[in-house]
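Taking it in order: structure first as structure tokens, then the write-up.
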Amino acid sequence: MRTLVLGRTPARVTEVLATLRADGFDAEGVSTDEEARKLLATEEFGVLIIGGGVGPDSRAAIKDFAAGHRVRRVIDGALTEPFDAYVRREFEPLIREAASQG
């Protein structure tokens with residue numbers, strides 16, 4: 001199941017993607033709402049991770065958009081270090097759970 005990561009800090013998005021991909025997940029990452037909408041519109045993503053730096057208005061709008069484009073699970077994230085351990089503990093189990101419900 002493809003996962004889209006939306007985060008305002010490109011370096012953190014890159015770190016999240018590196019961990020997810022190393023662990024066998026199919027993931028893409030973006031830093032703007034416009035980029036996220038473009039990818040979500042393809043209806044190829046089942047999971048959306050929204051980083052803690054995304055403001056409340058953008059967060060709500062992206063969640064609404066995702067709901068209409070086949071996203072099964074939205075995960076709110078606020079990374080803490082070490083980032084790889086956080087991704088494995090907080091994100092990966094939820095991605096697996098969403099994939100198993102397919």
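Can you spot a residue in region 79-89 that is in contact with a strand residue (DSSP E or B) (Cβ under 7 Å, 6 or more places away or on another chain), assigned to a helix (DSSP H, G or I) and open to solvent by 60 Å² or more (accessible area, probe 1.4 Å)? Walk me through how you get there before you give the answer.
Pass one, region 79-89, residues in contact with a strand residue (DSSP E or B) (Cβ under 7 Å, 6 or more places away or on another chain): none.
The answer is no; no qualifying residue exists.
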- Message: Anything in region 26-53 that is among the hydrophobic types (A, V, I, L, M, F, W, C), surrounded by fewer than 21 Cβ atoms within 10 Å (Cβ to Cβ) and within 22 Å of residue 82 (Cα to Cα)? List them, or say none.
- Response: 30
- State all residues of region 1-50 that are free of Cβ contacts under 8 Å to residues at least 60 places away in the same chain, closer than 15 Å to residue 96 by Cα and in a loop (DSSP other than H, G, I, E, B); if no residue qualifies, say none. 24, 26
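The values are calculated or read from the model by the stated rules, or taken from the named source; none is laboratory data. All of these numbers come straight from a predicted model, not from anything done at the bench. Note that we place each Cβ from the backbone using ideal geometry, even for glycine, and neighbour counts take in every protein chain shown. Side chains included, ligands, DNA and RNA excluded: accessible areas come from the protein's heavy atoms. Shrake-Rupley method; radii C 1.70, N 1.55, O 1.52, S 1.80 Å.
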